[in-house]
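One structure below.
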Amino acid sequence: MSNFLKDQKSPLDSVEIIADDISHIDIKNKKVCLKKCENKPCTYYCPTRVYSWSGEDTEIKVDYTRCVECLACPQGCPYNNIAWQLPKGGYGVNYQR
Ligand code: SF4
Ligand code: SF4
């Protein structure tokens, strides 16, 4: 369980996110997640659980509307398989709520 959740708070409690209709996060090759990436670390290091995978899944799920733009995922994927860009102007996280 993430340290962020120790006191039942999530980073999402402290920010406002205006989500675009189009994701600012893409998985470059979904087969890499399925066939090569055994431990799927993106499902652990993302502080707001943008990435998820359950036993029956054949592709990683990406809920980009939860992204707080911490920039961990483009660095943390061991296969450089995440294409991440800043959300378009007017969208994304606001840390000055
Ligand atoms: S860490 Fe990268 S390769 Fe592994 S499941 Fe996540 S996006 Fe796919
Ligand atoms: S930038 Fe941070 S919050 Fe957004 S998806 Fe990547 S790890 Fe998660």
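The values are calculated or read from the model by the stated rules, or taken from the named source; none is laboratory data. No experiment lies behind these values; they were computed from the predicted model shown. No Cβ is skipped: glycine too gets one built from the backbone with ideal geometry, and neighbour counts run over all protein chains shown. Quick note on the areas: whole protein, heavy atoms, side chains included, nothing else; ligands and nucleic acids left out. Shrake-Rupley method; radii C 1.70, N 1.55, O 1.52, S 1.80 Å.
Just how large is the dipole of the chain about the Cα centre, in debye to the nearest 20, putting +1 at every Lys and Arg Cβ and -1 at every Asp and Glu Cβ? Could you put the intermediate results ahead of the total?
Working: 13 positive and 12 negative charges, 60 e Å.
So the dipole magnitude of the chain works out to roughly 280 debye.
Leaving out ligands, DNA and RNA, and with a 1.4 Å probe, what % of the accessible surface on the chain is carbon or sulfur?
48
Across the range 3-94, what fraction of all alpha-carbon pairs, as a whole percent, falls in each successive 10 Å bin from zero upward?
With a bin width of 10 Å, the distribution comes to 16, 48, 30, 6.
If you plug each phi of the range 51-62 into the Karplus form 6.51 cos²θ - 1.76 cosθ + 1.60 with θ = phi - 60°, what whole-Hz ³J(HN,Hα) values come out, in order, with x for Gly and Pro?
9, 8, 8, 10, x, 7, 5, 10, 8, 5, 8, 10
For the range 35-49, just list the computed ³J(HN,Hα) in residue order, Karplus coefficients 6.51, -1.76 and 1.60, θ = phi - 60°, integers in Hz, with x standing in for Gly and Pro.
9, 10, 8, 5, 8, 6, x, 4, 6, 10, 7, 5, x, 10, 6
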